[in-house]
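Everything below concerns the one structure shown next.
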Amino acid sequence: MKLIENLNEAQRRAVESRAPVILVNAGAGSGKTAVLSLRLVRLLKEGVSPWNLLALTFTRHAAGEMRRRIEAEVGEQRKLSLLTFHAFAASLLERWGEILGYRKNFSIYDQSDQVALLREILDEQGMERDPAGVIREIQSGRFSQDRPIFREYQRRLKEGNAFDYRGLLQSANLLLREHAAVREAYRSRFTHLLVDEVQDTDPDQWEMIDLLRPSQLFMAGDDYQSIYGFRGAKVDHILSFPKTFPGVEVIRLEQNYRSTVPIVEAANRLIAHNRYQLEKRLRTDWAGSVAVSVMQAETPEKEAEAVATIIKRDCGKGEYHPSDRAILYRTHAQAVPLAKALQLRKIPYQIVTSSFWEKEEVRHLLSFLTILHNSGDDYHLKKILPKEAYSPEVLSALNLEAARAERSLFEILPSSWFKEHLLDLQEKLSKGAYPSVLALAKEVDRRFQFSERYRKEGYPLKEAYLQKLFEKIVRWQEGNPEDHSLSAFLKWQFTRSVQDELRDEEDSVKLLTIHAAKGLEWPTVFLCGLEQGLFPLRPALSSEEALEEERRLMYVAITRAKERLYLLWSKERTRFGRAVRNKPSQFLTEMIGTIPSPHAHPKSTPHPSD
């Protein structure tokens, strides 16, 4: 395999090793994605059937990149299962979920759906609690499953033939754990399991790996980049891996091909302050020509002006493009002054969030598609019922009638133009009348007159968001030629990530949180808001475990930069409605002393990198 010639010794060992259990402790920018992809290529070229290979990732972005690399070497591989954990769980439940009482056309609730459903339950029970906070506790496993609220929440999901994200994993694990036929079907099929970003696994994902128990297990990750403890991820999974599997072959990837010496040394100096970690130290041959810059501003507005001025100056030289720059921050609120400063200087930018999918008109049409897929989903049906025909009193009476009859709300809805349209759409969908999801979505829009009404009532933005949804459906169809079903689209939509919103084709500066930036890279990175209490966040200062995760998050931010890194902090920032004087983040003082002076050096030969 010719590409292996370009690998360093450690990378080649990771690709070629025949050890039954392997842990690749891969530093940032050390070629982890290339190693995973080439290992799969090597297995395929040696005759391992794609049917027997399973690779699990955390984002579709990572899975898509791996698939592109693999298919560039060995052609299209439709039988190769390269999936996110949640997509794998969903596919398992589509096949076997009836054992647990679920129909194949189940819904998947995203976080907004979960919060709204829980708010409904809390309101009914007269309880004053933050539903978003409760959902975070449920997702991280901290909420007691014996609580009446939790039981009611689970009951409504089950009655609606629906799962939330955590329920997908737990139900898939239940099938693997309790049903021998299911377990053996997957163990006999998947002889090779490759797991990316093992440091981000939560207990449910870790249990899934254990239940699959393949003959060949290949784990890759970096404990220095474990940043999802708030979601239930356990860094101990990678830290204790060598003890859990005494015969494991541990391979360290320490050669960084992404960043210059100043950036790599800054990252090394910072992460050395963490106590609980596996031994590893990044190194790079790219000396670079620019040192890491630390900048102080009086206010967030001045901080934003400084960033925008540098970008405008650099892009004005004609050597750089806006898309070569990213602005990272700890909290979403920090984006506001940054976006204003860029807009004032007419610098194109994109704030990378999943906010598009939260737009009311987008969620409304998606609820229609969900009901056409799963008419037993009472929660989504309530979202689309015409308010003029179904007052709270009418709806309450219908809910009671449905409960007494043990039927879905849709089944007991009286005949009306609204229900007749839905029934007609369902019938035509079942007969294949709509050749694509786009055709179905546009037919829903036409029949229920969303775009027409927005146009007449003077809501051009709402109409534009619907058109943008249609464009996203088109792009999904182009990227998934093997399955254009409504089920596949809904599964794709509900297992999305923030990174799916990146528009790489646009020459724009990207503004995003550090969590959303993980796995990405840019020639120049601006890291803003480096103040004690903001980064690290104030609550983390009282917990060593939380502070170490914040430090790992800082490490992730630093290692996104390839050539230039700007670290900025503001002396004053408004918090909770009042101006607060700040001190620079302790992370700055932990690493600044070892940032070397710049030394001009020609760029080294490119190697496979993340």
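The values are calculated or read from the model by the stated rules, or taken from the named source; none is laboratory data. Keep in mind that this is a model prediction, so the values were computed, not measured. Quick reminder, even Gly has a Cβ in these numbers, built from the backbone with ideal geometry, and neighbours come from all protein chains shown. Areas reflect the complete protein model, heavy atoms only, side chains present, ligands, DNA and RNA absent. Shrake-Rupley method; radii C 1.70, N 1.55, O 1.52, S 1.80 Å.
Table for the structure above
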read-out: With DNA, RNA and ligands ignored, accessible area of Arg330 (1.4 Å probe; Å², nearest 10); value: 40
read-out: The chain - share of DSSP beta bridges that are antiparallel (%, nearest 5); value: 10
read-out: Dmax and Rg, reported as Rg then Dmax, of the range 135-294 (C-alpha, Å); value: 20.2, 62
read-out: Cβ crowding within 10 Å averaged over residues, with 333-340, 315-322, 122-129 ranked highest first; value: 333-340, 315-322, 122-129
read-out: Spacing of the two label points (7 Å from each Cα toward its C-beta) at Arg447 and Glu178, in nm; value: 3.7
read-out: Equivalent ellipsoid, the range 390-479 (semi-axes from 5 times Cα gyration tensor eigenvalues, Å); value: 30, 19, 12
read-out: Cα-only radius of gyration and Dmax that characterise the range 438-539, units Å; value: 18.9, 55
read-out: Computed lengthening from His421 to Ser354, 0.36 nm per intervening residue step minus Cα-Cα distance; value: 21.0 nm
read-out: From phi via Karplus (6.51, -1.76, 1.60), per-residue ³J(HN,Hα) for the range 457-474 in Hz, x at Gly/Pro; value: 8, x, 10, x, 5, 4, 5, 5, 5, 5, 4, 5, 4, 4, 5, 5, 4, 4
read-out: Semi-axis lengths (Å, descending) of the ellipsoid that matches the C-alpha gyration tensor of the range 308-452; value: 46, 19, 12
read-out: Projected area averaged over orientations for the range 225-330, convex hull of C-alpha atoms, nm²; value: 10.0
read-out: Sequence-distant residues sharing a close amide H with Asp222 (under 5 Å, placed H); value: Ala26, Val198, Gln199
read-out: Helix-only [θ]222 nm of the chain, DSSP H runs n ≥ 4, -39500 (n - 2.57) each, per residue, nearest 500; value: -14500 deg cm²/dmol
read-out: Net lengthening on full extension, Glu411/Ala579 (0.36 nm per residue, minus Cα-Cα); value: 54.9 nm
read-out: Volume per residue that the Cα convex hull of the range 66-124 spans, once the total is divided by residue count, Å³; value: 115
read-out: Whole-Å distance, taken between Cα centres, linking the range 324-372 and the range 21-95; value: 30
read-out: Cβ-derived FRET efficiency at R0 51 Å, Thr589 paired with Leu100, nearest 0.05; value: 0.45
read-out: Arg496-Glu124 FRET efficiency (beta carbon distance; Förster radius 25 Å; 0.05 resolution); value: 0.25
read-out: Ellipsoid equivalent to the range 148-198 - semi-axes via the Cα gyration tensor, in Å; value: 28, 15, 8
read-out: Segment Val74-Lys346, extension gain: residue separation times 0.36 nm, minus the distance between their alpha carbons; value: 93.5 nm
read-out: Pairs of Cα atoms farther than 30 Å apart, the chain, %; value: 58
read-out: Relative contact order of the chain, pairs being alpha-carbon contacts under 8 Å that are 6 or more residues apart, as %; value: 22
read-out: Approximate spin-label separation Ala546-Ala19, in nm, with each point projected 7 Å along Cα-to-Cβ; value: 3.7
read-out: The range 444-538: trypsin sites (Lys or Arg not before Pro) in DSSP loop, at most 12 other beta carbons within 10 Å; value: Arg503
read-out: Spin-label pair Arg475/Lys456, simplified geometry with 7 Å Cα→Cβ offset, distance in nm; value: 3.2
read-out: Modelled FRET efficiency - R0 22 Å, Thr244 with Arg269, Cβ distances, 0.05 increments; value: 0.10
